[in-house]
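Bear in mind these aren't lab numbers, they're just calculated from the coordinates by the rules spelled out. All values derive from a computational prediction rather than experimental measurement. So basically every Cβ, Gly included, is an ideal-geometry build from the backbone, and we count neighbours across all protein chains shown.
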Amino acid sequence: MWNRAIGQGAGGWRASLALAAVLVASGRPSTAQTSSVPPGAGSPQAPSGDEATRIASGRALFSANGCAACHTLSDAGAVGHVGPSLDGDPKLTEELVIERVTNGSGPMPDFGGKLSEADIAALAVYLTHVAKK
């Protein structure tokens with residue numbers, strides 16, 4: 001999906017993002033809905049409505065923008081080895097994600113001109129919420 005979206009220019013990004021949003025909205029159960037761990041038994045707090053919306057949006061953005069090609073993230077089933085694993089990184093903060101996604105770093109391209117500030121913030125909320133710490 002990532003290669004096709006790049007090859008299609010800005011329209012491809014929008015189409016990929018729209019498709020991902022439709023898939024998320026279609027009712028795919030979240031890990032919170034399918035977890036066998038009872039609520040409150042060492043699991044993180046359930047997100048509020050606005051936060052849950054941002055997490056779902058961030059999940060779709062992670063998928064639609066090819067992040068899994070480089071990064072490992074259990075929630076997304078991603079096993080990339082080019083960039084750092086996002087699971088278990090104690091330094092992973094919303095501020096760091098926003099800075100790196102916006103400006104890029106090393107082999108990671110910048111997405112500041114491709115994604116809105118709101119999209120980048122949603123991606124940061126998603127990553128910091130689901131990354132296993």
Q. Assuming residue 79 fulfils every condition listed in (1) in contact with a strand residue (DSSP E or B) (Cβ under 8 Å, 6 or more places away or on another chain); (2) buried (at least 16 other Cβ atoms within 10 Å of the Cβ) apart from one, which condition is it?
A. (2)
Q: Restricting attention to the range 102-133, report how many residues are closer than 19 Å to residue 56 by Cβ and not in a loop (DSSP other than H, G, I, E, B).
A: 14
Q.
With without any contact (Cβ under 8 Å) to a residue 60 or more places away in the chain, surrounded by 15 or more Cβ atoms within 10 Å (Cβ to Cβ) and in contact with an Asp or Glu (Cβ under 6 Å, 6 or more places away or on another chain) as the only criterion, which of 74, 85 stands out?
A. 74
